[in-house]
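Colleague: Dropping a structure here in structure tokens format, bear with me for questions.
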Amino acid sequence: MSVTLDIRLKRANKVYHEGEVVAGVILLVCKEALQHHGISLSMEGLVNLQLSSKSVGVFEAFYNSVKPIQLISSNIEVAKAGKVPAGKTEIPFEFPLITKGNKVLYETYHGVFVNIQYTLRCDMKRSLLAKDLSRNCEFIVHCQPQKAKVVPTPVNFTITPDTLQNIRERSSLPKFLIRGHLDATNCVISQPLTGEVVVENSDVAIKSIELQLVRVETCGCAEGYARDATEIQNIQIAEGDVCHGLAIPIYMVFPRLFTCPTLETTNFKVEFEVNIVIVLHDDHLITENFPLKLCRV
Amino acid sequence: CSNWRNYEAELQRCRPEAAPVEFGDYHPLKPIMVTDTKSRRGARKGSTSSSSSSSSSAPADPLSSMLDGTDPLSMFAAASVSEAPAMTHSREKEEEVVGPDFEPWSSKRGEILARFTTTEKLSINLFMGSDKGKTCGCILDLPVCMCVQGSQRELLNLSQQDYANRIEELNQSLKEAWASDQKVKALKIVIQCSKLLSDTSVIQFYPSKFVLITDILDTFGRLVYDRIWTMCSDPRPLPDSFTVDDVNDTAKETCLNWFFKIASIRELLPRLYVEAAILKCNRFLNKTGIQETLPRLTAMIRGIGDPLVAAYTRAYLCRVGMEVAPHLKDSLNRNFFDLLGTFRQVSGESVQNQLVQQRVEVPEYLTLYSPAINWILQCIAYRAPEPLLTEMMERCKKLGNNALLLNSVMRAFRPEFVAARATDFIGMIKDCDEAGFPKHLLFGSLGRSLACADPPESERLTILNEAWKVVTKVRSPQVEYRCYDYICDHTFYYVSITFIHLSFISRSQKREVNTVLADIIKHMTPDRAFEDAYPQLQSVIRKILTYFQDFSVLFSMERFLPFLDMFQKDSVRVEVCRSIMEVFIKHQVELTRDPVILNAMLHICKTMHDSVNALTLEDEKRSLALLIIGFIRMVSFGRDFEQQLSFCVEARATFCNLEPVLVQLIHTVNQLAMETCRVMRGSHSRKTAAFVRACAAYSFITIPSLSSIFSRLSLYLLSGQVALANQCLSQADAFLKAAVGILPDVPRSISVEGKLRSSESFLLDFINNFLATLLVVPDHPEHGVLYLVRGLLNMVQDYTWEDNSDAKVRVYVSALPLLAAMSQETYLYSIPKVDSNETLYGGDPKFLSEINKLCETLIGQILDNLKALGRDESTRRQGALAFSLFGVLLAHGDLRNNKLSQLAVNLWNLCHKHGYCETGISVRTLEYIKHQAQQHDMTHLTDTVQRLALQSRT
């Protein structure tokens, strides 16, 4: 006897804001009538923090992962024990997305050490002989748009051998001059990161120019805090020996789920940076780092 | 059974009363005017809805008058047209931008594939991430994440064909993956494919690779678009001109998802290509999506370092752009300007290194660009305003007159535009840097435009002279052609065509064209270079033919025939001759005797004729014969008949393998004889008599070589008649005797248009025709009376007719009127200056009794046959036969003779006995007889008529 349990949200993009109502249906499909001991539905918003093995020892990282922070939680009984008729059954539900107290609903974020996730979970209890059924469904919370206006502040940059840090032998470096600008470093998350980069000249041919989007996650805990930077994505904007003196556009869409407005709380921080990486043909790697401030408008 | 008839009086009686015929409006053959009102809305595939309505302007047409000129269909059509604009508004706007005159990519495809080939080994490096690979810390659910540890496959040592097959396999697996809902796999395939485009390792093959791979991208784009489209088609399909508001959220979300996925593709080139492939999907998301994306993608292409890869990416973007949003011209221009901006890279170090490594010459490398640049320029130039083109030209000029660009500009822009600035262009070509791109190629391209549009009158001569200087410098083909093997195909040809064209429009045609031809011959003869250039040489001929319709001028060019001699491959040679002949037949209006034309044409026709062999198809033979006949008909030596005859003799010797030509020649000679007769007003002098006898002799010895028996028969008859008309009695006799002589050889069935059919009806027709001629043929003094008639009847008697056929008896029946006519005092018709039997015998009773005897025998035979038919129970045939004999007796027999009138009555009864006679015909026959009986000397018919009972069906 097969039975499928599913949660269908009304909104196709599953995006909700604080104060809105998460509405949808529980969908039950079974070939014959189904006996059960009650169906319940719960909504939960959690921040999961994890310490990286770099910051603390492996064991500690494993056991001492910081306690999750609950942002929202509620539970309702959808159906009392009884029978579900054969065929397709839809049970509609609604959850108001309202926090208790002064808690804030952070925006959904999937990271490495910080995870902010909102889920709906539907459980169907059944007799001893049959397994209980359950189904999870993630929905996405976008935080309220920021009130203050974002004024883009362009950032210009010039990269030459002289501006570089962290180099072993400055003398072995080929000559190059790379100029460019980012249209803004305080970015609206729904809009791409834009700018331009111009290779004015370079002794060695360029192999590739890439944009590396990096998240910087900080977890605070009793013993101090751990701060880790990891790559989200790497986008190539130039390949091969590009024409000198010609502006190459910088363009990167912020990926959904993996980015969120820059977040700073007492327990953890989520920040973003972008690296402009220039790979020369002799495999020299030149990186210019720009901290970003993401926001939602 | 004979009587003395007065043909004149009979004719008078037969003439109907002159009844004036009123010519009304109505005529069954008057053309019905059909007005075709078509409301065509462009030719975009799938959306063409054309309706046509026809209304007849003939007032008599009941349909149109009833409906007041508008038929229901056109009313509907009109209604739908008036409804349509609201609905298809945006579509129409689009169509305005790209019309059918835009040469689509699909037509370029094949050309590129055929042109850019390689014998080097190719490799495909596919890095397909496995589905359950380990993921690193980046985007989890994005399958596109390229840090997946997957299988890397490298296929090495592929031949070009293998490569194309592999790509096609990928195309198939893309479709399969899509069909089995493996969207992720599909995307991976597409990404991997577009990644192959960054590989320039076998650079000569790059354009073809581009073609193959963009096919896959097109497929992908279509699949994605269609899928999102179907997601919105519930409850009813989206209209063509849908807006964002018509798209439901799920579809939007799916579409958005695609764009997010693509935006996170690591490498630049696949990201660009895949996003360009699904550019059209922006329509689902927002109004301005496409017009924002195009400039962005255009700018992103700047990030591609390899100029060749970049140029092709631009070409792809323009291609997609033209398809999806042709009104967005700006990004097309932008693309071109960027291309110009980065053009200096071509001579850059990395490119040069690559060329050295791959051992590719610069000129060859440069030609790899031409499909891309041509395409981009074609998109730009399409319906572009003049100033834009001028600007483009200026920009190219600024780049130091780069030959490659110049070449593309000349090819892409409208010929009129180029032609109008031909002098400028020549200047630019002259200033061009010779290194890299051969100048004659540029002249080739210029020629291409000039071949379609004329430069200003005043500049023509200068252009011709300037261009000529360059072309004469083009070295011998061994150097040029071997080196640019792959580009030679059009060049020399276009250069030549140009000059022919130029010379023509500069009105100094003959000499110049002759020089050009001489030059081509000089270039092509060494090393038999012409063997590789037949198509081009053929076009040269075609071009010449369009200009020179005066064949005397054409053939007086001394280089023309030597030029023809370069076509040494038989099939091509015949093809060329054929095209010349076609033009000749079409444009030669006046008959000609010009020896130059005749010689040349004979040579050409002989070439065609000599190509005929045992394997030649019937159709081929027929068409060749038609062409040659066309030529023969154009030949006339005016009053110089002997010359004409000797031409025919020569032609017969030359074209002996084509029967239709021989037939034509016989006709020509017969016509010649008649023409002579006309000129001499019927009485030949000794000289002309000898000439017409020579004509007859010509026919007489030509006819037996024909294989078709019926052509032989009819030609014998015809030639016999001509001989008679020319008072060549013995010749006429010989012709007719020969015709009778071959009668037994007529096969029972002949093939008509490939089908085997009974020859009987043809034979009967011929015999009737023959009998009619025999009336005027005088008997030969040495042979017996009615020698030919008897001979014919004997042949008929002996001929093995088909079983169950009355053909023999029918011949007998139709011989009776002849005999009746022969027994008249004056014959129905005669030939001037030829004494027929009427004069020879002067109504000699012996002669008449001979005729009577013959008639009796014939009637006896017929009656025997009728009896036999009665026995065989084939009464229908018996009736028909009896009726026809009755008819003959009635018309030609003397019914005053009791025996005869009794016979007629019996026949009448016989054919009514079984009721197979049509009552209508019987009634009309009776009426005719009654009418005849009222004539003064025909009263005897009244008796007969009373004895003819009309059997009623009851």
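FYI, it's all coordinate maths here, none of it is from the lab. Keep in mind that what you see is a predicted model, and the values were worked out from it rather than measured. Positions of Cβ are generated from backbone atoms using ideal geometry, with glycine treated the same way; all protein chains shown enter the neighbour counts.
Colleague: Can you compute 3J(HN,Hα) from phi for each residue in segment B:414-421, using the Karplus curve 6.51 cos²θ - 1.76 cosθ + 1.60 with θ = phi - 60°, rounded to whole Hz and x for Gly and Pro?
Modeller: Couplings: 4, x, 5, 4, 5, 4, 5, 10 Hz.
Colleague: For a label point 7 angstrom out from the Cα of residue B:844 toward its Cβ, which stretches of segment B:714-734 have the backbone nitrogen within less than 20 Å?
Modeller: B:729-730, B:733, by backbone N distance to the label point.
Colleague: Among the listed pairs A:103/A:147; B:687/B:833; A:31/A:80; B:175/B:209; A:175/B:398, give every one whose C-alpha distance is greater than 27 Å.
Modeller: Details: A:103/A:147 19 Å; B:687/B:833 17 Å; A:31/A:80 21 Å; B:175/B:209 20 Å; A:175/B:398 30 Å.
Beyond 27 Å between Cα atoms: A:175/B:398.
Colleague: Roughly what would the spin-label model give for residue B:593 and residue B:729, points 7 Å off Cα along C-beta, in nm?
Modeller: It is 3.4 nm.
Colleague: Quick query: amide H of residue A:195 versus all other amide H atoms, modeled in the peptide plane; which residues come in under 5 Å with a sequence gap of 5 or more or a different chain?
Modeller: A:183, A:250
Colleague: Over all pairs of distinct alpha carbons, what does the Kirkwood formula give as the hydrodynamic radius of segment A:66-213, in Å? Don't jump to the answer; show the numbers that get you there.
Modeller: Working: mean 1/r = 0.0455 Å⁻¹.
Final number for the Kirkwood radius of segment A:66-213 is 22.0 Å.
Colleague: Calculate, in nm to one decimal, what residue B:431 and residue B:782 gain on full extension: separation in residues at 0.36 nm each, minus their alpha carbon distance.
Modeller: Numbers: separation 351, 0.36 × 351 = 126.36 nm, distance 9.38 nm.
Result: 117.0 nm gained on full extension.
Colleague: Related question: Going by how many other Cβ atoms sit within 10 Å of their own, how do A:295, B:648 line up, fewest first?
Modeller: Working: A:295 18, B:648 22.
Lowest count first: A:295, B:648.
Colleague: Using 7 Å Cα-to-Cβ label points, what is the residue B:234/residue B:111 separation (nm, one decimal)?
Modeller: With each label point 7 Å from Cα toward Cβ, the separation is 4.7 nm.
Colleague: Still on this structure, please answer the following. Excluding residue A:30 itself, what net charge comes from residues whose Cβ is under 11 Å from its Cβ, given Lys and Arg +1 and Asp and Glu -1? Please report the intermediate quantities before stating the final value.
Modeller: On the way: positive: A:31, A:83, A:88; negative: A:32.
Net of charged neighbours comes to +2.
Colleague: Here is a follow-up. Which entries of B:188/B:261; B:287/B:329; B:108/B:195; B:188/B:287 show an alpha-carbon separation above 21 angstrom in the structure shown?
Modeller: Violating the 21 Å Cα-Cα cut-off are B:108/B:195; B:188/B:287.
Colleague: Give the shape of segment A:97-172 as rounded, prolate or oblate, defined through the alpha-carbon gyration tensor: a ≥ b ≥ c are the square roots of its eigenvalues, a/c under 1.5 means rounded, and otherwise the shape is prolate if a/b is larger than b/c and oblate if not.
Modeller: Numbers: a/c = 5.09, a/b = 2.08, b/c = 2.44.
In terms of gyration-tensor shape, oblate.
Colleague: Exposure proxy check: B:610, B:249, B:619 ranked by fewest other beta carbons within 10 Å?
Modeller: On the way: B:610 14, B:249 11, B:619 8.
The most exposed by this proxy come first: B:619, B:249, B:610.
Colleague: Separate question: How large is ³J(HN,Hα) for each residue in segment B:804-811, as worked out from phi by the Karplus curve 6.51 cos²θ - 1.76 cosθ + 1.60 (θ = phi - 60°), to whole Hz, x for Gly and Pro?
Modeller: Result, rounded to whole Hz: 6, 10, 9, 4, 4, 5, 5, 4.
Colleague: Then there is this: Which distance in nm do the two modelled labels at residue B:765 and residue B:585 give, with both placed 7 Å along the Cα-to-Cβ direction?
Modeller: Placing both labels 7 Å along Cα→Cβ, they lie 2.3 nm apart.
Colleague: Quick one: order A:168, B:227, B:810, B:639 by neighbouring beta-carbon count within 10 Å, fewest to most. Intermediate results must be reported in sequence, preceding the final value.
Modeller: Numbers: A:168 7, B:227 16, B:810 21, B:639 11.
Fewest to most other Cβ atoms nearby, the residues stand as A:168, B:639, B:227, B:810.
Colleague: Residues with amide H under 5 Å of residue A:207's amide H, sequence separation 5 or more or different chain, H placed in the peptide plane at 1.01 Å from N; which?
Modeller: For residue A:207, the qualifying residues are A:279, A:280, A:281.
Colleague: Near the amide H of residue A:97, under 5 Å away, which other amide H atoms are found, from residues 5 or more places off or on another chain, if H is placed in the peptide plane?
Modeller: The list, which skips near neighbours in sequence, is A:19, A:20, A:21, A:22.
Colleague: A further question on this structure: Please say if segment B:534-668 is rounded, prolate or oblate, where rounded means a/c under 1.5 for a ≥ b ≥ c the square roots of the C-alpha gyration tensor eigenvalues, and otherwise the choice is prolate for a/b larger than b/c and oblate otherwise?
Modeller: On the way: a/c = 1.92, a/b = 1.17, b/c = 1.65.
Taking the square roots of the gyration eigenvalues as a ≥ b ≥ c, segment B:534-668 is oblate.
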